[in-house]
Amino acid sequence: SRLCDMYEAMIGKYMEGLTIDGVMFHDDWGSQRAPFFSLATCREMLVPYLKRLADFCHSKGLWFEQHSCGKNELLVPAMVEAGVDLWFGQPMNDMDLLRAEYGDKIMFGVYPPETTPETSDEEIDRLAKEFADKYAPDMGTRPVAMIDFVCDERFKKAVYKYSRMILAEE
């Protein structure tokens, strides 16, 4: 509770001096193979406080992202219960499965396919079309955010193009 007091005061100070759209809250919950604790423990010990922070952010018009490294698929229900808006999970998590189950309640970050500077423009275009075909059709009900800090600029531009084409059809 005292940490929530501190975080709320910090967020308030940030809002006084900066224009912010949201808060990325860092608290790693897992290892490469599994969460550090059970869903029941998370619900008991973390959800009430995480919900308090998410509700505080929402009351200020901010989105709330739970940054949590590790294989934390089993803890997504707790994130949903806490009111988390977005989770950029690591690639060892099955984001397609999570998106099918919870994508109407929380936004997930999805990784683009791996490319290199040597990847041809034609291959980039094909991969971008596949990516857009997979995620754009139901963006209105199951939105995703592309994790683009590891992404080829050509891929981003092509995904943007194909996504706009798909969304314009709807």
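The values are calculated or read from the model by the stated rules, or taken from the named source; none is laboratory data. Keep in mind the model is a prediction, meaning the values are calculated, not measured. Ideal geometry is used to build each Cβ from the backbone, glycine not excepted, and the neighbour counts take in all protein chains shown. Accessible surface areas use protein heavy atoms only, side chains included; no ligands, DNA or RNA. Shrake-Rupley method; radii C 1.70, N 1.55, O 1.52, S 1.80 Å.
Any idea how far the Cα center of the range 133-170 sits from the one of the range 43-60, in Å? The distance from the Cα centre of the range 133-170 to that of the range 43-60 comes to 30 Å.
More than 27 Å apart: what percent of Cα pairs in the chain qualify?
Working: 4970 of 14365 pairs.
Value for the chain: 35 percent of Cα pairs lie more than 27 Å apart.
Working note: Karplus 6.51/-1.76/1.60 with θ = phi - 60° gives the range 89-102 the couplings x, 6, x, 6, 8, 7, 5, 5, 5, 5, 5, 5, 7, 10 Hz, where Gly and Pro are set to x.
Just how large is the dipole of the chain about the Cα centre, in debye to the nearest 20, putting +1 at every Lys and Arg Cβ and -1 at every Asp and Glu Cβ? Walk me through the intermediate numbers first.
On the way: 19 positive and 30 negative charges, 96 e Å.
So the dipole magnitude of the chain works out to roughly 460 debye.
Residues whose amide H comes within less than 5 Å of that of MET146, counting only those at least five positions distant or on another chain, are VAL110 (H built at 1.01 Å from N in the peptide plane). Sequentially through the range 47-58, phi angles give Karplus couplings (6.51, -1.76, 1.60; θ = phi - 60°) of 4, x, 7, 5, 5, 4, 5, 4, 4, 4, 4, 4 Hz, Gly and Pro residues having no value and appearing as x.
Looking at the chain, the accessible area is 58 square angstrom per residue; that uses a 1.4 Å probe and ignores ligands, DNA and RNA. Dipole orientation for the chain: of the candidates MET165, ALA132, VAL80, VAL80 has the Cα lying most toward the positive pole (charges on Cβ; Lys, Arg +1; Asp, Glu -1). Couplings 3J(HN,Hα) for the range 39-45, derived from phi with the Karplus relation 6.51 cos²θ - 1.76 cosθ + 1.60 (θ = phi - 60°), are 4, 4, 5, 4, 4, 6, 9 Hz, where x marks Gly and Pro. Averaging the sequence gap over all C-alpha pairs within less than 8 Å and six or more residues apart, then dividing by the number of residues, gives the chain a relative contact order of 18 percent.
With +1 on each Lys and Arg Cβ and -1 on each Asp and Glu Cβ, and nothing else charged, work out how big the dipole of the range 1-65 is about its Cα centre, in Debye to the nearest 20. Kindly include the intermediate steps, with their values, before the conclusion.
Details: 7 positive and 9 negative charges, 33 e Å.
Its charge dipole is roughly 160 debye.
In square nanometres, what is one fourth of the surface area of the convex hull spanned by the alpha carbons of the range 128-170?
2.8 nm²
Summarising the amide proton neighbourhood of VAL23: residues at separation of 5 or more, or on other chains, whose placed amide H is nearer than 5 Å comprise TRP63, PHE64, GLU65.
In the range 86-131, if every C-alpha pair distance is counted and binned at 10 Å from zero, what percent goes to each bin? Histogramming the range 86-131 at 10 Å steps yields 24, 39, 29, 7 percent.
Can you send over the carbon and sulfur percentage of the accessible area for the chain, probe radius 1.4 Å, protein chains only? Provide the component values of the computation, followed by the final result.
Numbers: 5560 of 9930 Å².
Percent of accessible area from carbon and sulfur atoms in the chain: 56.
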